[in-house]
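What follows is calculated from the coordinates using simple rules that are stated; it is not laboratory data. Here the structure is a predicted model, which is why all the values come from computation and not from measurement. Here the Cβ is made from the backbone with ideal geometry for all residues, glycine too, and neighbour counts use every protein chain on show.
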Amino acid sequence: MNFSTLTLLQVRNMLISGEITSVSLVEEYKKIVIDDNKNAIPLKGFIELYDDSLEKAAACDAEIAEVRKTGKEAVLALFEKKPLLGVPFGIKDNISVQGKTCTCGSKILESYIAPYNATVIQRLLNAGAIPFGRTNMDEFAMGSSTEYSCYGASHNPVNRAYTPGGSSGGSAASVAGGQVPFALGTETGGSVRLPAAYCGIYGYKPTYGTLSRWGVVSFGSSLDQVGILGKEPADIALPLAVMAGEDFYDDTSANTDVKPCVEIIKNNKFSAISVKNMKIAIPKQFLETKGLDNEIATKFEETKKWFISQGAVLETVEIPVLDATIACYYVIALSEATSNLSRFDGIRYGARKDSGDGYDGLYVKTRSEGFGAEVKRRIIIGNYVLSSNFSGDCYKKAMSVRARIQREISNIFKKYDVILCPTSPTSAFKLGSKVDNPMSMYLSDLFTTFVNLARVPSVSVPAGISKDGLPIGIQLTGAHFKDAELLQVAQAWHEAHPEVALQIANVAGASK
Ligand code: GLN
């Protein structure tokens, strides 16, 4: 059996029927990763495979076997109580798993062991899922290619000369490369959707507050959310059902209603919704972007046609403030990052570089040696825009632009159900081609950051392949708390385009 192409629901079905065991699953995925590491260019989606996953899998198998003695109904009941029993998943290296290393792709945290589980992890554990390993990322989630990781870059499973995107590139590469059924990433400005688009899979960023941030290392707290990557919308919807909901430890968490996702637990099926009469807004600003690749524009036109053929009503809308999103995002994200990263002082977390000349020396040496160039650049910019001389021109202005973005996006959703646009102006770029040009790297997120600024949910869906064989992603964005409906629209798209997922899986499977 080819485990690498299995979806989460297929895996779950086979665990329920007894066709496979959790041990065989974990062993097989381990083998896929280990074999891949022997390639001249390994994917490097995972930077660590946990050594206790097999033990956990054996415990799940024992639990299932015990219940199976009492019959089929009892097994179904067990899987209703623990919907992800025996299923391994990947974890971005900035999400805390108790007793495991959590480095955020940085040198400064190379020795940091998480003392507790993030709420999202705890909820997946309660559902019986098995932490399989941690995935590569740009240092502190700052980047769009994973090239800013202290472990070196991950590679795109479709073509290894290309980036898988970032910052959750390790999670995307491992899912698209068939090394795990689903993985967690995080988003501040597009870090789940962009790698999903580049690798040809689905990537979802929830309404702010839907998933608890407790135990997730902060980058820009007012923008950060945990996201999910999978081969189809159901791979996302089921873990979402398990993880969503208010959390005592995170005051910004909220109770998003994800009922249609919860129904998968019982039905083992995710139902699409019809897009007939759905009102879809197309932001004119994005289509006029100078750097928009022709093939992406063409694929976007095809996507629009499909929605029209299904009876959706598409209208082009003017949202002029979208021209300011990248500037606004970088001022706010970097201001918050500067403040969040000040906790890494060589005293409380991770590495300590002490030259013996007092606190200032320790602080400077630890941070100078511990942070990479991109993180330092951002700390400097963040401090600059917050400094008393400039905060009026920069930070406060960015805050008022953000308020306007939020207002205008809310207004759009008074009239429309979905905002449709490409996920990124280009498909994946070659590794090394942007790493020394921060400005062009920042522009990869041209279409994604407004979503985080407006705190709405969004999903990148695979739409096809370019002439060069690289995946193209299209982004669907919904109104606040319409997460489940948005994923159901993605499901409608998925059901109508089985060939897209297949095409990409074939390309990914063939690449070495
Ligand atoms: N690429 C964007 C940045 O570098 C977004 C990162 C993210 O979403 N974590 O800030």
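In whole percents, the pair-distance distribution calculated for the range 148-278 from its alpha-carbon pairs, binned every 5 Å from zero, is 2, 11, 18, 20, 19, 15, 9, 4, 1, 0.
The equivalent ellipsoid that matches the C-alpha gyration tensor of the range 57-151 spans semi-axes of 34, 12, 10 angstrom, in descending order.
The stretch between Ser387 and Asn437 holds 15.5 nm of extra length on full extension. This uses 0.36 nm per residue minus the Cα-Cα distance. In this simple spin-label approximation, Glu66 and Ser111 carry label points 7 Å from Cα along the Cα→Cβ vector, and these lie 4.0 nm apart. Remark: the Cα gyration tensor places the range 126-189 in the oblate category, a/c being 1.5 or greater and a/b not exceeding b/c.
Label reach from Asn2 (point 7 Å along Cα→C-beta): in the range 212-239, amide nitrogens under 18 Å belong to 231-232.
Kindly give Rg over Rh for the range 1-140, based on alpha-carbon atoms, with the Kirkwood expression for the hydrodynamic radius.
Across the range 1-140, the Cα-based Rg/Rh ratio is 1.00.
Restriction of the trypsin sites (Lys or Arg not before Pro) in the range 1-73 to DSSP coil positions whose beta-carbon has at most 12 other beta-carbons within 10 angstrom yields Lys38, Lys69. Charges on Cβ only, +1 for Lys and Arg, -1 for Asp and Glu, centred on the Cα centroid of the range 263-332; of Tyr330, Asn294, Phe307, which one is farthest towards the dipole's positive end? It is Phe307.
Length gained on full extension, Lys276 to Ala327, computed as 0.36 nm times the residue gap minus the Cα-Cα distance: 14.7 nm. Whole-Hz Karplus values for the range 356-371 come out as x, 10, x, 4, 4, x, 4, 4, 5, 5, 4, 6, 5, 7, x, 8 Hz, taken residue by residue from phi with 6.51 cos²θ - 1.76 cosθ + 1.60 and θ = phi - 60°; glycine and proline positions read x. The 3J(HN,Hα) values that the Karplus relation (6.51, -1.76, 1.60; θ = phi - 60°) gives for the range 431-438 are, in residue order, 4, x, 7, 10, 4, 9, 10, x Hz. Gly and Pro appear as x.
Placing one equal scatterer on every Cα of the range 291-387 and applying the Debye formula, the log10 ratio I(q)/I(0) at q = 0.11, 0.12, 0.18 Å⁻¹ is -0.59, -0.63, -0.90. Helical runs assigned H by DSSP (4 residues or longer) give the chain a calculated mean residue ellipticity at 222 nm of -13000 deg cm²/dmol, each run adding -39500 (n - 2.57) before division by the residue total. Model label points for Asp251 and Asn126, set 7 angstrom from Cα along the Cα-to-Cβ axis, are 2.3 nm apart. Given their separation in residues at 0.36 nm each and the Cα-Cα distance between them, Lys467 and Thr316 gain 51.6 nm when the chain is fully extended. Working note: Debye formula, equal point scatterers on the alpha-carbon atoms of the range 203-358, no solvent; log10 I(q)/I(0) at q = 0.11, 0.19 Å⁻¹ is -0.71, -1.31. If the Kirkwood radius is taken over C-alpha pairs of the range 348-392, then at 4 °C and 1.567 mPa s the Stokes-Einstein diffusion coefficient equals 109 µm²/s.
In debye, nearest 20, what is the charge dipole magnitude of the range 149-249 about its Cα centre with +1 on Lys and Arg Cβ and -1 on Asp and Glu Cβ, if you could check?
The calculation lands at about 280 debye.
As a size descriptor, the averaged projected area of the C-alpha convex hull of the chain was calculated at 22.9 nm². Remark: relative contact order (the chain) = 18 percent; criterion is Cα-Cα distance under 8 angstrom and separation of 6 or more residues. Computed over the alpha carbons of the range 171-227, Rg followed by Dmax gives 11.4, 33 Å. Using Cβ point charges alone (K and R +1, D and E -1), the dipole size of the chain about the Cα centre works out to roughly 460 debye.
Scalar couplings 3J(HN,Hα) for the range 308-315, obtained by applying the Karplus form with A = 6.51, B = -1.76, C = 1.60 to θ = phi - 60°, are 5, 5, 8, x, 6, 10, 9, 9 Hz; x denotes Gly and Pro. Basic side chains Lys and Arg get +1 at the Cβ, acidic Asp and Glu get -1 at the Cβ, and with that the dipole of the range 7-156 about its Cα centre reaches some 300 debye.
Taking only the alpha carbons of the range 1-51, we obtain Rg and Dmax values of 12.4, 38 Å in that order.
So, R0 is 56 Å and r is the distance between the beta-carbons of Ala403 and Ser17; what FRET efficiency does that work out to, to 0.05? With a Förster radius of 56 Å, E is 0.60.
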